[in-house]
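Input: a single structure, listed below in structure tokens.
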Amino acid sequence: MRTNILRPATAVAGSLALAAALTACGGSSAASDDKVVTVYSADGLKGENGEGWYDKVFEDFEKKTGIKVEYVEGGSGEMVQRTVREKSNTQADVLVTLPPFIQQAGAKGLLQTYEPAGSDQVDAADKAADGTWTSVVNNYFGFIYNKKELKTPPRTWEELLDSSYKEKVQYSTPGVAGDGTAVLIKAMHDFGGQKPAMDYLKKLQTNNVGPSASTGKLAPKVDKGELRVANGDVQMNFAQSKDMPNLGIWFPAKDGAKPTTFALPYAAGLVQKAPHSANGKKLLDFMLSEQAQQDVSAVGGGFSARKDIEATDANAVELAGLMKGVEIFEPDWSAISTGLDEYIDAWKSATGS
């Protein structure tokens, strides 16, 4: 049984899921058009009303290059599985997922080596040593709560076991959604191993509504009061909160300990045998350009992947305040990627899912 999957915690200074429907582009039209690039991505970066980071980056990219972005959205795990199924007839040019699925994509040979311009400014921990992927938006795992029904968020995991949360808690499906898998990673860290984490999640089932393939769909339920608490990530939920006034972000702690979280970046790689490899490289370069990275916080509500970008916009200031006092730990993604099937099986066994 693997339990030593997390590196020691470090102090912090002052963020997937299946979409309602896959907007898949037709493979034949994409393959025949040199002015197109196809992106398979986890959700969270495209706005509900066309105001997300992807929306601006894709529009600016098309204006600059004349290359149209065809976009397919789904859970991190699903996007990897889809790319695997299409290996004999590759459709995607760029794959964007959360860890540990980007590591799995690399291990499955789905990605080719390409280091985008600007990737030298990305921390080594946020990119592959072999150059197959690099983070384009930094992010942190978190939870959300309804600020109208709960004047203050619950402080601990244990509080969620109270009967007042009966059928008012939901988290996305581990193994399908990146944020759902993150629930397991954080629980194993906070509770000190796989078994105590699964013991807790078994107890939580009494209050849990049930699995959800989409993390993004949980926020509207929390905002409306259908749920009091759900999982998510800082970038996605911060952006959603602009249109959902009852949405608050919080970080559970184990009773007697500090609140914790970990980096959960959107990582992008060039797909092996991409039909439009040159266009994929251009898009990756553009995503890591200085202007696009400045827009990560100002437009997307996230954290720049480049360490030389010092965002000072209002969103960046608010995000820094949100993270103040939260302890950041660094997962061992290699161990998690290797042991993921075991963790998912243990979760299914514990929860009866």
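The table that follows gives values for the structure above.
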| item | result |
| --- | --- |
| Condition check for Q194: crowded, with 18+ Cβ neighbours inside 10 Å and farther than 19 Å from E73 by Cβ | yes |
| Qualifying residue in region 330-338 (condition: charged (D, E, K, R) and modelled with pLDDT of 95 or more) | no |
| Residues that are at pLDDT 85 or above and more than 14 Å from G74 (Cα to Cα), drawn from region 25-46 | D34, K35, V36, V37 |
| Pairs with Cβ under 6 Å, 6+ apart, first in region 286-303 and closer than 13 Å to A314 by Cβ, second among the basic types (K, R) and surrounded by fewer than 24 Cβ atoms within 10 Å (Cβ to Cβ) | V299/K56 |
| Total residues in region 139-154, condition buried (at least 24 other Cβ atoms within 10 Å of the Cβ) and touching a helix residue (DSSP H, G or I) at 6+ places or on another chain (Cβ under 7 Å) | 5 |
| Residue satisfying all of: in region 189-210; out of contact with any Phe, Trp or Tyr (no Cβ under 8 Å at 6 or more places or on another chain) and not in a helix (DSSP H, G or I); nearest to I336 (Cα to Cα) among these | G193 |
| Failed item in (1) over 30 Å from K68 (Cβ atoms); (2) crowded, with 22+ Cβ neighbours inside 10 Å; (3) at pLDDT 95 or above, with P174 passing the rest | (3) |
| Residue among S304, S289 that alone is within 19 Å of D233 (Cβ to Cβ), among the polar types (S, T, N, Q) and either assigned by TED's automatic domain parsing to the domain that holds Q91 or buried (at least 23 other Cβ atoms within 10 Å of the Cβ) (or both) | S304 |
| Residue count for region 57-97, restricted to those that are touching an Asp or Glu at 6+ places or on another chain (Cβ under 6 Å) and either in a loop (DSSP other than H, G, I, E, B) or in the same structural domain as M236 (by TED's automatic domain parsing) (or both) | 0 |
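The values are calculated or read from the model by the stated rules, or taken from the named source; none is laboratory data. No experiment lies behind these values; they were computed from the predicted model shown. All Cβ positions, glycine included, derive from the backbone under ideal geometry; neighbour counts span all protein chains shown.
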